[in-house]
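The values are calculated or read from the model by the stated rules, or taken from the named source; none is laboratory data. Since this is a predicted model, take the numbers as computed values, not measurements. Cβ coordinates were reconstructed from backbone atoms using ideal geometry, including for glycine residues, and neighbour counts include every protein chain displayed. Side chains are part of the model used for accessible areas, which takes the heavy atoms of the whole protein and leaves out ligands, DNA and RNA. Shrake-Rupley method; radii C 1.70, N 1.55, O 1.52, S 1.80 Å.
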Amino acid sequence: MSNLFKKISIFIISGILIVSFIAISILWAFSNKLPDYKFLKNYKAPVSSKVYSGNGELVSDFSTEKRIFVPYNSIPKKIINAFLSAEDKNFFSHPGVDAKGVLRAIINNISNILSSKRLEGASTITQQVAKNFLLTNEVSLNRKIKEAILAFRIERTLSKERILELYLNQIYLGGGTYGVAAASLEYFDKPITDLTYVEASLLAALPKAPSRYNPYKNKALAKFRRDLVIKNLLDNNFINSAQYNSFIKEKIKLKKRKKILLENSLYFVEDVRKNILNKFGYDKVYKDGLNIKTPLDLNLQNIASESLRNGLIAYDKRKGWRGALTNVDYTSEWFKVLKEFKLEKSFGWDLAIVKKINKFSINVETNKEESGVIEYKDISWTKKETDELLKKGDIIFVKKIKKGIYSLRQIPEVNGSIVVMDPYTGRVLAMTGGFSFRQSEFNRASQALRQPGSAFKPFIYALALENNYTPSSLVLDAPLVLEQGTDLKLWKPQNYGKKFYGPSTLRTGVEKSRNLMTVRISQDLGLNKIINFSKKLKIYENPNELLSISLGSAETTLIQLSSAYSSFINGGKLVTPILIDRIQDSEGNTILNNDNRVCNKCDEISHLGNQYPNIIDNFEQIFSQETAYQMTSILEGVIQRGTGKGLRDLNLDLAGKTGTTNNNTDTWFIGYTSKLLVGVYVGYDNPKSLGKRETGARTAMPIFKDFIKKSVKKKDARPFKVANNVVMMVVDSKTGEKASFGTKKTIIEVFKKENINKEDLIKSKINNRLKNNNVLRFY
């Protein structure tokens, strides 16, 4: 008996040793191939960079994953309790692997195998951290062993709180979101601190199968899984029976973040993205969680986008109907194959298929499966009969007017851009670079190099005022022929309308946009002065040294030209367009600040006193304050008497200038109030004529007008600030001489004190200018 017992003991001990040896060998083999887990101690999850408007609204983010990192101490207990109940109730007591959970899973999986059901897992939160950070999603015994070993090691290295922090910020929760903070915004549009137990339970229900339990896809299934988590909360004593009974009765209430209004800022945001990518590189922008503060005003941005679209549509309608997008056979799912025609939701346009052509109306069905009618009054702009216009099966754009009634729409071939700026700082408050970002990401405000035409002329006149001209200086408006250089044809500039007006005041040259006067002044000033002046204002970089530059023949962008116009409002100072105010890293350190102003002795001023801080800018002075105000006064005249008189009915203090290039290829309007500058450009991407009489006053200026009408109130358009060293005087509007009794047409003119004589305030200056052969030259 003793020998038998002895043999059995030896057999058992040998078996234990063999099993132990095998287990140790397996562990040793797997341990040598495990990834390094120690980096988790200082690991920082890739966090999206956020873009904010001037008022602090979240506009966009730059990320490879939707994630907002939240430290453990900032995660509410409700969320922690919900996830522990759903995923790992013994988390704070097990060493990385839950032996009870493993045993339970083995027993349950035996019956699951026999009944062909899905196998049950027993991974702890620590194991999930090991898998998510260090391993793959491969389903194998090999991975499970590595996962368990890593879980033990992670538990020895990291605190439970750190492990849970990693898990709750890394876990995928559907809808492209990673971590509880991003998921909270995706499903409820609220921060995690505002979540209820019911909402936290829904998030905790998602890791099991994020796509299957996604509440946007299947609310019933999501509620079933959520209620299981709530039951676990009860079983784990996190909630009481009364709370449980109340919670499970609640329906799932989702709230998606509103992004429709933000679509209008896509051009602005894309320029911001390119800017910071160039400065900081991809990893810093997409993974380091930068906070990017911009000057963007969402209200002005929405108005700017709408005004631009309205103006482009109005022009396009004048050119008539071009035809349907395509033609398809009608089926119940006809709209699913037309993704290339997708537009921003903010347009309010729908795709529609033509179902029936009537004599005075067209029956359509939209991609939202709504039926309706386009009445004749809403297609009359096409100047075609309904049977000539469309046929059955045609795909078109429509816009809903009211229930069952639609208007016909088409995407304009022409395009354009609009920029809204603070002229005193250069901060860009709104920018739209085209009709639709989804149709074309090319930004016509910052990327399109185009000839500014007459919109450049004010800078020639500003330079003249800096060189002893006055607004009343007479300049000859008569035919002119100029040599341009060897092997180049003679240049014969002409006025719009091909008329000549004889000696006219400098003011008239701007107000009526006279080409011949501008060229004569440019001759007198000299080409070098003009080119250097344009470079100082950063309108051009390296323009061709031709006198035609005076008529805007060189190329620039809308944002550069608009920025240069700011000098007329801010007293002759150069401002640079600013799309980014400040950038801070994830810890709040400022790494970029574009505010060039300095607060003088701010530290010495008491916040309780009546003293105000003195803000000093360091912008470069390009021309005098007096010249700046004289030009503003002249550009006000453009609105009152010149090419911009279509704006007079706004009854606002406005100044601005139209611009039209040869053959009406590109058109512009740059205008401003005392607080706001707006630049507009209209033209084809592949340059061609906009058509006869399609000038800046007819195409670009209405867009400016629409924007001003919707965004500027009378109190916001105060009179322009008068420069110190100027004198106001009533003069004859035609001759520029001091007005006398009986003068029919007079205006109030602005003169620099240095240009005024005591005896005869203007007359001698005019006479001197008339004698200057460089200005008055006949051919």
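Can you give the convex hull volume of the alpha carbon atoms of the stretch 124-236 per residue, in Å³?
Once divided by residue count, the hull of the stretch 124-236 is 119 Å³.
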With every protein chain in place, the chain: carbon and sulfur % of accessible area (1.4 Å): 51 percent
Area accessible to solvent at Glu306, 1.4 Å probe radius, in Å²: 90 Å²
Reduced Cα scattering model of the stretch 361-508, Debye log10 I(q)/I(0), q = 0.12, 0.14 Å⁻¹: -0.86, -0.94
Over the chain: helical MRE at 222 nm, DSSP H runs n ≥ 4 each giving -39500 (n - 2.57), nearest 500: -11000 deg cm²/dmol
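Want the number for Glu545 to Asp329: 0.36 nm per residue separation, take away the alpha-carbon distance, what's left? Please list the in-between numbers first.
Values: separation 216, 0.36 × 216 = 77.76 nm, distance 5.87 nm.
The Glu545-Asp329 span can extend by a further 71.9 nm.
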Among Asn299, Leu351, Trp381 - extreme Cα towards positive end, dipole of the stretch 274-388, charges at beta-carbon: Asn299
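Mind giving me the FRET efficiency for Tyr496 and Asp194? R0 is 51 Å, r the Cβ-Cβ distance, nearest 0.05 is fine. Can you show the working numbers first?
Working: r = 62 Å, r/R0 = 1.21.
Plugging the Cβ-Cβ distance into 1/(1 + (r/R0)^6) gives 0.25.
About the Cα centre, and with charges only on the beta carbon of Lys, Arg (+1) and Asp, Glu (-1), how big is the dipole of the stretch 221-309? Nearest 20 debye, please.
Numbers: 19 positive and 10 negative charges, 69 e Å.
The dipole of the stretch 221-309 has a size of about 320 debye.
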Overall form of the stretch 560-676 per C-alpha gyration tensor (a/c, 1.5; a/b vs b/c): prolate
All-pairs alpha carbon distance profile, the stretch 403-442, 5 Å steps from 0, percent: 6, 17, 19, 14, 14, 12, 10, 5, 3, 1
0 to 90° range, to nearest 10: angle between helix 77-87 axis and the chain longest Cα axis: 50 degrees
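With N set to the residue count of the chain, report its C-alpha Rg divided by 2.2 N^0.38 Å to two decimal places. Before the final figure, lay out each step's value.
On the way: Rg = 36.1 Å, N = 779, 2.2 N^0.38 = 27.6 Å.
Ratio of Rg to 2.2 N^0.38 Å for the chain: 1.31.
What order do you get for 707-715, 684-692, 424-432 when each peptide is scored by the mean count of other beta carbon atoms within 10 Å, highest first?
Working: 707-715: 15.6, 684-692: 13.7, 424-432: 24.7.
Put in order of decreasing packing, that is 424-432, 707-715, 684-692.
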Gained length - Asn218 relative to Asp487, 0.36 nm times residue gap less alpha-carbon distance: 89.3 nm
Separation between Cα centres of the stretch 540-598 and the stretch 33-85, rounded to whole Å: 36 Å
Fully extended contour minus Cα-Cα distance, from Cys602 to Gln621, at 0.36 nm per residue: 4.4 nm
20 Å Cα-Cα reach of Lys38 towards lysines, excluding residues that sit fewer than 8 places from it in its own chain: Lys131, Lys144, Lys146, Lys160
Dimensionless Rg/Rh of the stretch 208-309 - Kirkwood Rh, Rg from C-alpha atoms: 1.21
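Rounded to the nearest 0.05, what FRET efficiency do Lys713 and Tyr72 have when you use their Cβ-Cβ distance and R0 = 51 Å?
On the way: r = 50 Å, r/R0 = 0.97.
Result of the calculation: an efficiency of 0.55.
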In degrees, nearest ten, helix 219-235 long axis to first principal axis of the chain (Cα): 50 degrees
Using θ = phi - 60° and Karplus 6.51 cos²θ - 1.76 cosθ + 1.60, couplings along the stretch 365-371 (whole Hz; Gly, Pro as x): 10, 8, 5, 8, 6, 10, 9
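Percent relative contact order of the chain, based on C-alpha pairs within less than 8 angstrom and at least six residues apart? Write out the running numbers ahead of the final one.
Values: 1402 pairs, mean separation 85.3, N = 779.
Across the chain, relative contact order equals 11 percent.
Suppose accessible area is computed on protein heavy atoms with a 1.4 Å probe; arrange Leu449, Leu343 from highest to lowest. Can you show the working numbers first?
Values: Leu449 85, Leu343 20 Å².
From most accessible down to least: Leu449, Leu343.
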Counted charge near Lys715, where neighbours are those whose Cβ lies closer than 12 Å (Asp, Glu -1; Lys, Arg +1): +2
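With every protein chain kept in the model, how would you rank Asp227, Asp595 by accessible area, 1.4 Å probe, largest at the top?
Working: Asp227 35, Asp595 80 Å².
Sorted by accessible area, descending: Asp595, Asp227.
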Debye equation applied to the C-alpha atoms of the stretch 231-386, log10 I(q)/I(0) at 0.18 Å⁻¹: -1.19
Accessible-area value, Leu488, 1.4 Å probe, nucleic acids and ligands omitted, Å²: 90 Å²
Share of alpha-carbon pairs per 10 Å distance bin for the stretch 372-411, given as whole %: 28, 63, 9
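Treating only the Cβ of Lys, Arg, Asp and Glu as charged (+1, +1, -1, -1), what charge dipole size does the chain show about its Cα centre? Round to the nearest 20 debye. Kindly include the intermediate steps, with their values, before the conclusion.
Values: 120 positive and 77 negative charges, 310 e Å.
Roughly 1480 debye, rounded to the nearest 20.
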FRET E, pair Glu340, Trp381, Förster distance 25 Å, beta-carbon r, rounded to 0.05: 0.50
Helix axis angle, 527-536 relative to the chain longest principal axis, alpha carbon, degrees: 30 degrees
Between the stretch 415-438 and the stretch 208-245, the Cα center-to-center distance that results, in Å: 47 Å
Relative compactness, the stretch 456-607, computed as alpha-carbon Rg over 2.2 N^0.38 Å: 1.40
Accessible surface of Lys400 - all protein chains present, 1.4 Å probe, nearest 10 Å²: 90 Å²
Å² of accessible area per residue within the stretch 653-735, as computed with a 1.4 Å probe and no ligands counted: 44 Å²
